[in-house]
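Participant: Provided herewith is a single structure, encoded as structure tokens, for subsequent inquiry.
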Amino acid sequence: MAKVVLENVTKIYDNDFEAVADISLTAKDKEFVVLVGPSGCGKTTTLRMIAGLEDISKGKVYIGDKVVNNVLPKDRDIAMVFQNYALYPHMTVYDNMAFGLKLRKTPKEEIIQRVEEAADLLGIEELLDRKPKQLSGGQRQRVALGRCIVRKPKVFLFDEPLSNLDAKLRVQMRAEIIKLHNKLKTTIIYVTHDQVEAMTMGDRIVVMKDGYLHQYDTPVEIYNNPTNKFVAGFIGSPSINFFEGKLKKSDGDIVFAGDGFSVDVPDEFEDKLKDYAGKEITLGIRPEDVYHKPYSTSADYPANFVANVEVVEPLGSEFQVNFLVGDTTFRARLEPKEEPVMGEDMDVVFDMKKAHFFDNKTEETIV
């Protein structure tokens, strides 16, 4: 097994386009690290540089204690699962899984043993004689995993392996990959654009945008303490609500005045926000920290106002509701105690102790 280290890694293409900009991070031995971000953020390019499929313009990549910048992909002791699985259609499942070992002149008895062990681990023993066209999407994905497992590599690299599956199967395969990681205890670097996948699978998450690393931390830390407005908006489903407004002083307290509403700011936030008094600022509130006033007992620092119900989405365990206040639409996750009625006004409560405030110029988190 091995850790993976990126030191100031940059990728610049011939047209001077900087796809990855000065990224430094460490994936510890046996750790599951997820690279997540919108399309075009540089996450797959970063993975391909680790794999050796893209040249590195600047910086160094270590696998274990060895710099691998000039090492061929086949000699890096990594295994990669691609988005389209890349199975040979004319070969059986057994031959697909054994192919890499045959190229390495592995003894036949050892190939049989490794393929059977991997097939047993993945629950595909009965599929070994089939060809890819006879398999479902989930089965093909297991075969692609098996082809990697038999290699016993130091590092697994996954490039959006679940994106071709339907929603139900994606949830199932997420759990399968997590269980597989716990059994194999191998370092995994996993690329996805789906923040739910990132949150549920990763020991730590790398959040990227426009080639830059914006935050690298545990899922819980990133969710609760995002480093900037982009990270706060990208991580979380439904997405965090943003409100533009001003900080004002009222009777010695600081108040956030938005479009059509105002809320008190908790005392413990005032020291960090005092320099923003009278200035434009952004308030962020996650949907689960919005309550209907009669049921707001969970709020540590409740601040209420009236908003109009625009859309109600009953999900059984909760109502997801779009509210309108002023010209701003925001979203809430409400308990199914009383169904909101579209078009009516409701008393809404924000739990302000869980609020986030962002600098409008830098978009960095203030508190």
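The values are calculated or read from the model by the stated rules, or taken from the named source; none is laboratory data. Because the structure is a prediction, the values reported are computed rather than measured. Don't worry about glycine lacking a Cβ; one is built from the backbone with ideal geometry, like all the others, and counts go over all protein chains shown. What goes into the accessible areas is simple: the full protein's heavy atoms, side chains included, and nothing from ligands, DNA or RNA. Shrake-Rupley method; radii C 1.70, N 1.55, O 1.52, S 1.80 Å.
Participant: Relative to the Cα centre, what is the charge dipole magnitude of the chain, using +1 at the beta carbon of each Lys and Arg, -1 at the beta carbon of each Asp and Glu, and rounding to the nearest 20 debye?
Facilitator: Details: 48 positive and 59 negative charges, 478 e Å.
Roughly 2300 debye for the chain.
Participant: For LYS60 and ASN15, what is the calculated FRET efficiency with R₀ set at 35 Å and r taken between the beta-carbons, to the nearest 0.05? Present the calculation step by step, with values, prior to reporting the outcome.
Facilitator: Working: r = 24 Å, r/R0 = 0.69.
Step by step, r from the Cβ atoms, then E = 0.90.
Participant: A further question on this structure: Express in Å², to the nearest 10, the accessible area of THR362 obtained by rolling a 1.4 Å probe over the protein heavy atoms while all chains stay in place.
Facilitator: The accessible area of THR362 comes to roughly 80 Å².
Participant: Gain in length, LYS248 to LEU315, computed as 0.36 nm per residue apart minus the alpha-carbon separation, to one decimal in nm? Intermediate values should be presented prior to the final figure.
Facilitator: Values: separation 67, 0.36 × 67 = 24.12 nm, distance 3.81 nm.
Difference between extended and current length: 20.3 nm.
Participant: Let me ask another. For the pairs LYS133/LYS168; LYS43/LYS133; LYS43/LYS229, flag any whose C-alpha to C-alpha distance is greater than 23 Å. Can you show the working numbers first?
Facilitator: Values: LYS133/LYS168 21 Å; LYS43/LYS133 30 Å; LYS43/LYS229 19 Å.
Long pairs (Cα-Cα over 23 Å): LYS43/LYS133.
Participant: Ok, one more. Please state the relative contact order of segment 65-160 as a whole percent: Cα pairs under 8 Å, 6+ residues apart? Kindly include the intermediate steps, with their values, before the conclusion.
Facilitator: Working: 101 pairs, mean separation 47.3, N = 96.
It comes to 49 percent, rounded to a whole number.
Participant: Here's a follow-up. What is the list of residues in segment 293-309 whose amide nitrogen lies under 11 Å from a point 7 angstrom out from the Cα of LYS337, following Cα to Cβ?
Facilitator: 293-299
Participant: Picking from ALA119, PRO302, THR186, whose Cα lies most toward the positive end of the charge dipole for the chain (charges on Cβ: Lys, Arg +1; Asp, Glu -1)?
Facilitator: Checked the options; the winner is ALA119.
Participant: Points 7 angstrom from Cα along the Cβ direction at TYR88 and VAL67: gap in nanometres?
Facilitator: Modelled inter-label distance: 3.6 nm.
Participant: A follow-up question, please. Relative contact order of the chain: what whole-number percent is it, with Cα pairs under 8 angstrom and at least 6 residues apart?
Facilitator: 15 percent
Participant: Going from most exposed to least, what order do HIS214, HIS193, HIS356 have by accessible area with a 1.4 Å probe? If you can, show how the numbers build up before the last one.
Facilitator: Working: HIS214 60, HIS193 95, HIS356 20 Å².
The ranking, largest first, comes out as HIS193, HIS214, HIS356.
Participant: Could you tell me how far the Cα centroid of segment 329-367 sits from the Cα centroid of segment 158-196, in Å?
Facilitator: Here the two parts' Cα centres lie 31 Å apart.
Participant: I want the local charge near LEU283. Using Cβ-Cβ distances under 14 Å, sum +1 for each Lys or Arg and -1 for each Asp or Glu among the other residues. Write down the numbers at each step before the final one.
Facilitator: Working: positive: LYS229, LYS246, LYS248, LYS272, LYS279, ARG286, LYS353, LYS354; negative: GLU244, ASP259, ASP264, GLU280, ASP289, ASP351, ASP359, GLU363.
Result for the local shell: 0.
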